[in-house]
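To start, the structure itself, in structure tokens.
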Amino acid sequence: MPQDVGSVGKALRALSKFPTLRVVELLGQLCISEALFYALTVSDDDDSDLGEANTFPALTHFTLHIGPDTADGTWFFEADKTGRPEERAEKTTEGQRLLELMDRGLLPAFAVKDRRPLPEDPEYQMWVWSRDLDYGHLEPESVERFRTLPCNDTINSMMYHAARAVARMPKIERFEVSLKDNFTADNREYPFSPPYLSRKFGMFYSRERGEKERSILTLELGAVVDYWRPAEDVIDEWRDTAKEHGVEELEVEYRE
């Protein structure tokens, strides 16, 4: 069980005691501990479990944007060694789009040696800023150089304790933790990414009220959506969270 909640965790625990606080937005690319939400489930004095005690009694919306590494020097992602990258790319809409660009000669040498974008093509503006650079000597990149697969140890720990913390937020309507250095086909900060390079993570818990109350957990995983899932005890904990909020069946959605 994580012990060091870090400075952000301690600050979050202090905020959780404000009785009228309704919205928390921690934006940017924060480097957090995997134990961040653990801080909301234990006491200040001796780190004993808070039991049924509530935190953030009035909070309705929580948003946290994180970076890919943790505050203690580990990572939320690791190298993806689960098969040939081309096969994975063909299974995703993002990968299919970049494979089409590759076939049309619109990806620079980072992905396909000695290819250049064409000025008359609508995709040209995507590469125009780099047109005077020479990438012809570069070889295709290896997928194992990049941390693109969620790391089971750290991601699962963070998600598990997030579920336990949200269960203690009686008024919560939307809870979000998302990675802010995503590199995908739509991210112009990484225009040279070949189709097998995609790092994306978003965890969204929402409660919908109406004739029938619903609790929905949506996970955005990018290209790994076809073959990566959180640990079963993580999903079980989110199901228990939904029950704490009066909903018997949690709806779980996985998206690219």
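The values are calculated or read from the model by the stated rules, or taken from the named source; none is laboratory data. This structure is a prediction, so every number in the text was calculated from the model and none was measured. Ligands, DNA and RNA are excluded from the accessible area calculation, which covers all protein heavy atoms including side chains. Shrake-Rupley method; radii C 1.70, N 1.55, O 1.52, S 1.80 Å.
Amide H to amide H, which residues 5 or more places from residue 26 or on other chains are under 5 Å from it, using H placed in the peptide plane?
63, 64, 65
Kindly sort 61, 161 by accessible area of their heavy atoms, largest first, with the probe set to 1.4 Å.
Output order, biggest surface exposure first: 61, 161.
List the residues whose amide H sits under 5 Å from the amide H of residue 77, counting only those 5 or more places along or on another chain, with H placed 1.01 Å from N in the peptide plane.
151
Counting only protein heavy atoms, what percent of the accessible surface of region 216-256 is carbon or sulfur at a 1.4 Å probe?
After summing per-atom areas, the C and S share lands at 38 percent.
Restricting to region 202-256, what percent of DSSP beta bridges are antiparallel, rounded to 5?
Antiparallel bridges make up about 60 percent of those DSSP assigns within region 202-256.
If DNA, RNA and ligands are ignored and the probe is 1.4 Å, what is the ranking of 18, 204 by accessible area, most exposed first?
So, going from the largest accessible area down, we get 18, 204.
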